[in-house]
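Asks: My questions all concern the structure below.
The values are calculated or read from the model by the stated rules, or taken from the named source; none is laboratory data. Everything quoted here is computed from the prediction, not taken from an experiment. So basically every Cβ, Gly included, is an ideal-geometry build from the backbone, and we count neighbours across all protein chains shown. All accessible areas refer to the heavy atoms of the entire protein, side chains included, with ligands and DNA or RNA removed. Shrake-Rupley method; radii C 1.70, N 1.55, O 1.52, S 1.80 Å.
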Protein chains: 2
Amino acid sequence: MSATVKVGIVGYGNLGRGVQAAVSQNDDMELVGVFTRRDPSGVVLAGDGAKVYHLDTLAEMKNQIDVLILCGGSATDLPEMTPRLARDFNVIDSFDTHAKIPEHFAAVDRAAKAAAKVAIISVGWDPGLFSLNKAYAQAILPSGTDYSFWGTGVSQGHSDAIRRIKGVIDARQYTIPVEEALDKVRAGENPQLTTREKHTRLCYVVVEEGVDTEAVTHEIVTMPYYFDEYDTEVRYISAEEMKREHSSLPHGGMVLRSGRTGFAEENTQIIEYKLQLDSNPEFTSSVLLAYARAACRLSQEGQCGCKTVLDIAPTYLLNKSAEDQRSSLL
Amino acid sequence: MSATVKVGIVGYGNLGRGVQAAVSQNDDMELVGVFTRRDPSGVVLAGDGAKVYHLDTLAEMKNQIDVLILCGGSATDLPEMTPRLARDFNVIDSFDTHAKIPEHFAAVDRAAKAAAKVAIISVGWDPGLFSLNKAYAQAILPSGTDYSFWGTGVSQGHSDAIRRIKGVIDARQYTIPVEEALDKVRAGENPQLTTREKHTRLCYVVVEEGVDTEAVTHEIVTMPYYFDEYDTEVRYISAEEMKREHSSLPHGGMVLRSGRTGFAEENTQIIEYKLQLDSNPEFTSSVLLAYARAACRLSQEGQCGCKTVLDIAPTYLLNKSAEDQRSSLL
């Protein structure tokens with residue numbers, strides 16, 4: 001393994017494109033190739049200088065790749081792909097089905113340990129950086145309450161749910177944190193907040209001509225789990241406006257912990273971590289790449305098995321010596 | 001070493017009191033004793049259930065203590081104390097003279113390695129949690145700018161500087177971040193900010209009768225390094241008002257990184273970490289205690305030498321199994 005981290009990207013959607021862009025920002029990284037299940041000749045890369053290969057050629061390129069970044073989906077791709085590829089490579093994924101992380105961890109851990117590879121799963125911001133910050137804050141303030149807010153940003157899952165309604169051509173759903181609720185938390189009031197009090201949902205929808213928009217609105221705002229517990233606003237716009245105004249994928253959010261210290265727990269201490277992202281997929285890709293560096297270093301140290309962001313010391317993420325880190329960051 | 005972390009506190013000022021209070025919030029922690037250079041009979045503890053010993057008795061209690069938390073000052077106490085005590089104990093300190101951290105690290109590392117002990121230095125929030133967050137943010141967004149703001153909070157150093165002026169009885173200096181500057185950073189404007197544009201300083205001062213307050217004000221606002229580069233306001237108050245309104249030690253601050261991602265770096269991504277603390281020393285104490293837990297675990301794993309917060313994976317800080325951490329935090 002050389003000083004340069006040789007990266008392979010598996011899957012080329014928004015996330016894969018983001019990883020490709022991020023590699024060019026890190027001068028210790030090199031992109032070996034993009035691997036796809038599609039016909040490679042049909043995949044047009046957004047940036048220069050990389051080659052596209054069929055996923056089946058991966059096995060032959062084992063010795064040319066230090067770490068694979070798996071850019072598939074959590075529903076069906078990653079549960080199968082991460083443990084399989086961990087048998088031959090150090091791997092990173094962004095598996096984000098929260099409830100299934102323990103199960104995924106166990107499967108990946110078995111594969112990675114048997115092959116003496118390092119796998120880091122559930123990397124990104126939620127799960128990922130939000131998890132980290134909850135961990136630090138809970139460790140420091142054992143007596144306290146956690147709050148999470150998401151947005152303002154596009155929820156792909158909610159947008160897809162609207163798109164499945166008959167007569168809907170396109171939709172974009174923004175999750176918006178309620179400022180009054182946030183203000184109460186920041187003021188140390190320790191409020192008990194219902195789902196409705198924390199977020200509102202704003203939907204931009206393009207419909208076919210002649211569709212009964214009142215009926216569509218009713219179907220959206222009463223949709224169980226997705227919308228029924230929220231105050232939801234629906235706005236109908238043209239396909240042109242959708243393209244012009246709602247093509248990017250901003251997101252973000254905040255995790256806060258409001259804790260108490262002192263012999264009588266008389267002092268309030270508030271820790272807040274906030275992300276404000278123009279591009280959700282590009283940010284997630286950048287997190288994946290930082291942890292890819294860590295996976296290589298851990299592997300070089302002889303470690304193996306499945307890890308999460310909770311298991312990685314910050315020093316492993318940086319392209320800087322430990323001495324430089326201490327003198328510039330501490 | 002037992003499942004309970006047996007803690008010793010060295011030094012009993014604001015920080016030592018904070019550690020004592022924090023121990024009672026962590027059910028895996030036990031306070032063995034407070035160790036002081038003063039006559040132990042003259043030290044009155046703020047909380048119940050702990051004993052005060054003279055520092056000289058520490059050597060006899062080697063086997064009863066898992067980790068020592070050193071609550072001395074960075075100017076003269078810790079440079080001598082941390083390396084000396086690391087010869088017999090796992091130790092944690094909050095050494096915060098930024099420029100001298102590499103030197104302190106080297107001295108402590110030599111001692112701790114020779115004795116096969118773990119030492120974690122410069123623990124707290126700045127250096128400490130702010131360093132961590134800069135590390136994560138720089139690793140994720142290699143192309144970007146860091147911003148640090150402090151306050152609103154009491155700066156002990158600046159308060160002390162005013163107290164040294166002839167005719168001044170007491171003083172409290174608040175550092176206040178400039179909202180307009182913060183707003184520009186949060187809006188992704190990447191401003192270049194001078195010292196004066198980032199913070200203002202507000203001083204409450206009690207003077208002796210008959211003192212020329214205009215002269216004192218002039219001496220404060222022109223004081224090199226401490227005040228001359230800032231817009232400073234000075235308010236004269238009574239000793240009673242000082243006691244009533246300015247006895248607590250709030251502090252806090254924000255570190256932000258404004259970075260760019262994408263093939264043309266066209267997207268702005270902003271990471272913000274914010275602390276809002278009613279009690280600066282109690283919060284620092286709580287951070288020290290979380291890292292004390294980590295030091296014990298690392299020592300049990302057979303590690304040794306000097307570490308900083310950059311070297312510690314978050315998992316070591318929590319009083320929770322790795323499985324519980326994954327299912328509750330990820």
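Asks: Using the alpha carbon gyration tensor of region B:87-149, what are the three equivalent-ellipsoid semi-axes (square root of 5 times each eigenvalue), largest first, in whole Å? The partial results should precede the final answer.
Replies: Values: eigenvalues 153, 28, 21 Å².
In descending order, the three semi-axes are 28, 12, 10 Å.
Asks: Okay, moving on. Using 17 Å as the cut-off for backbone N distance, which residues of region B:99-138 belong to the label zone defined by a point 7 Å from the Cα of B:ALA75 along Cα→Cβ?
Replies: B:99-100
Asks: For the protein assembly as shown, with every protein chain kept in place, what is the accessible area per residue (1.4 Å probe, Å²)? Show your work: numbers first, answer last.
Replies: Numbers: 27410 Å² over 660 residues.
Averaged over the residues of the protein assembly as shown, the accessible area is 42 Å².
Asks: Along Cα→Cβ, 7 Å out, is where each label goes; now give me the distance between the ones at A:ASP170 and B:ARG186 in nm to one decimal.
Replies: Here the answer is 3.2 nm between the modelled labels.
Asks: Separate question: Take each uninterrupted DSSP H stretch in chain A, measure its Cα extent along the helix axis, and return the ones at 20 Å or beyond whose mean Kyte-Doolittle hydropathy is at least -1.0. Spell out each step's value before the answer.
Replies: Details: long enough: A:101-115 (21 Å, 0.14); A:280-300 (31 Å, 0.12).
Qualifying helices, which must be both long enough and hydrophobic enough, are A:101-115, A:280-300.
Asks: Hey, another quick one. Using only the heavy atoms of the protein chains and a 1.4 Å probe, how would B:PHE263, B:PHE149 rank by accessible area, largest first?
Replies: Details: B:PHE263 90, B:PHE149 0 Å².
Putting B:PHE263, B:PHE149 in descending order of accessible area: B:PHE263, B:PHE149.
Asks: How much solvent-accessible surface does A:ILE162 expose, in Å² to the nearest 10, with a 1.4 Å probe and all protein chains in place?
Replies: It works out to around 0 Å².
Asks: What are the residues of region B:135-155 that lose 20 Å² or more of accessible area, with a 1.4 Å probe, going from their chain alone to all protein chains?
Replies: By number: B:ALA135, B:TYR136, B:GLN138, B:ALA139, B:ILE140, B:PRO142.
Asks: If you look for lysine pairs in region B:73-212 that are eight or more places apart or on different chains, how many of them have Cα atoms under 26 Å apart?
Replies: On the way: B:LYS100/B:LYS113; B:LYS100/B:LYS117; B:LYS100/B:LYS134; B:LYS100/B:LYS198; B:LYS134/B:LYS184; B:LYS134/B:LYS198; B:LYS184/B:LYS198.
Value for region B:73-212: 7.
Asks: Top to bottom by accessible area (1.4 Å), largest first, where do A:ARG84, A:ARG293 land? Don't skip to the answer; put the middle values down first.
Replies: Details: A:ARG84 85, A:ARG293 5 Å².
Largest to smallest exposure gives the sequence A:ARG84, A:ARG293.
Asks: Before we go on, tell me the buried accessible area for the A/B pair, both chains summed, 1.4 Å probe, in Å² to the nearest 100.
Replies: Result for this pair: about 6000 Å² buried.
Asks: Run through every distinct alpha carbon pair of region A:47-164 and return the Kirkwood hydrodynamic radius in angstroms, one decimal place.
Replies: 16.6 Å
Asks: How large a share of the accessible area of the protein assembly as shown, in percent, is made up of carbon and sulfur atoms when the probe is 1.4 Å and the other protein chains stay in place?
Replies: 46 percent
Asks: Further question: Taking the Cα centre of each part, how many Å lie between region A:290-325 and region B:29-77?
Replies: Their Cα centres are 36 Å away from one another.
Asks: Let me test this: with uniform point scatterers at the alpha carbons of region B:5-79, what is the Debye-based log₁₀ I(q)/I(0) at q = 0.12 1/Å?
Replies: -0.29
Asks: Let me ask something additional. Residue by residue through B:121-131, how many Cβ atoms from other chains fall within 10 Å of the Cβ on average? All intermediate terms of the calculation are to be shown ahead of the outcome.
Replies: Values: counts 2, 2, 0, 0, 2, 1, 3, 2, 4, 2, 6.
For peptide B:121-131, the averaged partner shielding equals 2.
Asks: Something else about it: Wrap a convex hull around the Cα atoms of region B:31-74, take a quarter of its surface area, and give that in square nanometres. The partial results should precede the final answer.
Replies: Details: hull surface 14.5 nm².
Over all viewing directions, region B:31-74 projects a mean Cα-hull area of 3.6 nm².
Asks: Report, largest value first, the span of the C-alpha coordinates of region B:243-311 along each principal axis, in whole Å.
Replies: The Cα atoms of region B:243-311 stretch 50, 47, 14 Å along their principal axes.
Asks: Shifting gears a bit: With every protein chain in place, what's the accessible area of B:CYS304 (1.4 Å probe, Å², nearest 10)?
Replies: Ignoring ligands and nucleic acids, B:CYS304 comes out at about 50 Å².
Asks: Report, to one decimal in Å, the Kirkwood hydrodynamic radius for region A:161-254 based on all distinct Cα pairs.
Replies: On the way: mean 1/r = 0.0683 Å⁻¹.
Hydrodynamic radius (Kirkwood, Cα only) of region A:161-254 equals 14.6 Å.
Asks: Run through all the Cα pairs of the protein assembly as shown and give the fraction in each 10 Å bin from 0, expressed as whole percent.
Replies: 3, 14, 23, 25, 19, 10, 5, 1, 0
Asks: May I pose another question? With every protein chain left in place and a probe of 1.4 Å, what is the accessible surface of B:ASP311, to the nearest 10 Å²?
Replies: Solvent-accessible area, nearest 10 Å²: 50 Å².
Asks: Have a look at region B:178-201 and report residues whose accessible surface goes down by 10 Å² or more when the remaining protein chains are included, against the chain on its own, probe 1.4 Å, ligands and DNA/RNA excluded.
Replies: So the qualifying set is B:ARG186.
Asks: Show me, bin by bin at 20 Å from 0, the whole-percent P(r) of chain A based on Cα pairs.
Replies: All Cα pairs considered, the percentages come to 27, 53, 19, 0.
Asks: Just how far, in whole angstrom, is region B:239-253 from region B:101-153 if you go by their alpha carbon centroids?
Replies: 29 Å
Asks: In addition: Below 8 Å between Cα atoms, with a sequence gap of 6+, how large is the relative contact order for chain B in percent?
Replies: On the way: 616 pairs, mean separation 69.5, N = 330.
The value is 21 percent.
Asks: If you count the DSSP beta bridges with both ends in chain B, what percent of them are antiparallel, to the nearest 5? If you can, show how the numbers build up before the last one.
Replies: Details: 30 of 58 bridges.
Close to 50 percent.
Asks: Against the 2.2 N^0.38 Å scaling, with N counting residues, where does region B:207-330 land? I'd like the Cα-based Rg ratio to two decimal places. Walk me through the intermediate numbers first.
Replies: On the way: Rg = 23.2 Å, N = 124, 2.2 N^0.38 = 13.7 Å.
Ratio of Rg to 2.2 N^0.38 Å for region B:207-330: 1.69.
Asks: Another question, if that's okay. Could you order A:TRP125, A:TRP150 by accessible surface area, starting with the largest, using a probe radius of 1.4 Å?
Replies: Numbers: A:TRP125 20, A:TRP150 85 Å².
Order by accessible area, largest first: A:TRP150, A:TRP125.
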